[in-house]
Amino acid sequence: MKTFQLATLAVGASAFTTVPLQAKPPLTIAQRLKMERSVKIGYDAVGTPSTIVINDFEDAQYFGTISIGTPPQKINVVYDTGSSNLWAPNSANFLLHKNYKHKKSSTYSANGTIFKIEYGSGPVSGFYSEDTINLGGFTVPDYTFAEVNNTKGLGVGYAIGKFDGICGLGWDDISVDHVETPLRALVNAKDLDENVFAFYLGSNGTAGELVLGGVNPAHYSGDFHYVPVADTVPGKKGYWALAMDDITIGGKSVTTTRKAIVDSGTSLLACPKSEIAAIAKLVGAKPLIKGEYTIDCNADAPDITVVIDGQNHVITKENYIINAGGECLFGMLGLDIPAPAGPLWILGDVFMRSTYVKFDVDQSRLGFATIAAANTVQVQPTVAMSPAATTHYGDPLSGACMSDEQNITITGVAGSVCSPAATGVLKQKCPTDTPAGCTITPAAILQDQSGDKYCALECSPALPIKDQKLADSICGVDNMSCKPISGVGICTYDA
């Protein structure tokens, strides 16, 4: 039997609220060929950039839920640090989306002012309204947001996508029409313990979380290293921008750009077009189209290191090689951001999966910490398959592990479960047959010290487990319960 140590859980002194973030599969190569990627800049009356829109959102992978109105109407949104407005769809034409219907809300107030923002392939437009919104349990009454009835600028990806709207978490100066941003509204409501938020983006398609009012110590280790937020353009804050020392591969600098933004609405890393070809060559990637590159899924590719204020933030190939429908994409593209905002790098989800990021409003700073180690496990010899075993994820104590499973016990947790090893080039595929009554899609969320990944049933995407009885029930088996393990809950058979 191999023995490994479970990542230590810490308990914070202050309260915080977590918003689960669901992950959708990345776009396929064929879908990416149809995407538009560009930058749109708006200017005020004196010629100063007032809005800088980078994202097209077709490629957005993480989304969470907010509610608008009374009674609450739930809308799935991309929580986007690269923009500063909240909008929700309201058109019956959006058949695959959850629409906000102001006639059904008793707290709605008409505004009617035209809302319009330009994305890569055209406009997103509608009109402003006021209503009560709720973000992660925090309620803001009479909030001004946009009802959108034209989403042409989001392309075909929106029509079939899983998100409905956008909730911008950027700074005030890039808010379209200078309306109060969702972030500023939360701060002004004075309900947060701390005026900070943080992202944890799960790897390999697993769920992540947005934390409001603090940070979740289950998802990072060590101390935060802080850097000040830099101006997006002289005298104005918009993006969560920062001074960057360098980007290196194999110890060699690969950029002359010294400015970056952390952007949760961009799935990839983005660098100036003049730098992408040399970087792609170093990792073995080949040109695709529109500044994007493909890469061998099994490439022996080097780490990419982002250097910020003397600290190295390492992005391994596991986090920058993206499996897009069986073909693999290099998680970086070439995209030019013009002056005065650029040139700059965009540190999107590829970076944020590798580093825990804290966004501090009051101190106007960004904090970076090491992502907590993955759940580690003990792997015992395979238990012979019982004739009664008809699905994976059975009870090893009853001899019910199937022939392709291991008896998994997790250090510090009473109980065990039969667990198959994750398969596929990125080690994220899991058998989907589960015990009767289980309503969970298995995911590769366990890892041993050698890096081997195992599949399990995640019954809570974050800790603490808010409803233990409900979490236990979705495991589907009487002697199986949802146990807290390194920041999530996993269905485990009782000892």
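The values are calculated or read from the model by the stated rules, or taken from the named source; none is laboratory data. In this text the structure is predicted, and so the values were computed from the model without any measurement. Using ideal geometry, Cβ is built from the backbone for each residue, glycine included, and neighbour counts are taken over all protein chains shown.
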- prompt: Under 6 Å by Cβ, and 6 or more places apart or on different chains, what pairs join a residue from the range 250-272 that is in contact (Cβ under 8 Å) with a residue 12 or more places away in the chain with one that is in a loop (DSSP other than H, G, I, E, B) and of a type in the set (D, E, K, R)?
  reply: 267/59; 272/336
Selection within the range 232-246 - in contact with a strand residue (DSSP E or B) (Cβ under 7 Å, 6 or more places away or on another chain) and of a type outside the set (Ser, Thr, Tyr): 233, 238, 240, 241, 242, 243, 244, 245, 246
field: residue 134 vs. criteria surrounded by fewer than 24 Cβ atoms within 10 Å (Cβ to Cβ), within 24 Å of the chain's Cα centre (by Cα) and modelled with pLDDT of 90 or more
entry: yes
task: Please go through the range 207-238 and pick out each residue that is over 22 Å from residue 310 (Cα atoms) and assigned to a loop (DSSP other than H, G, I, E, B).
output: 207, 213, 214, 215, 216, 234, 235, 237, 238
message: Condition (residue is within 15 Å of residue 419 (Cα to Cα), in contact (Cβ under 8 Å) with a residue 12 or more places away in the chain and either assigned by TED's automatic domain parsing to the domain that holds residue 208 or over 26 Å from the mean Cα position of the chain (by Cα) (or both)) applied to the range 452-471: is it met by at least one residue?
response: no
statement: Scanning the range 285-299 for residues that are without any contact (Cβ under 8 Å) to a residue 40 or more places away in the chain and touching a helix residue (DSSP H, G or I) at 6+ places or on another chain (Cβ under 8 Å) gives 286, 287, 295, 299
- prompt: Only one of (1) under 24 Å from residue 241 (Cβ atoms); (2) touching a helix residue (DSSP H, G or I) at 6+ places or on another chain (Cβ under 6 Å); (3) among the acidic types (Asp, Glu) is not met by residue 327, so which one is it?
  reply: (1)
- prompt: Restricting attention to the range 263-298, which residues are modelled with pLDDT of 85 or more, in a loop (DSSP other than H, G, I, E, B) and of a type in the set (Val, Ile, Thr)?
  reply: 295
query: Picking from 90, 85, 99, which residue would you name as being buried (at least 16 other Cβ atoms within 10 Å of the Cβ) and within 27 Å of residue 366 (Cβ to Cβ)?
result: 85
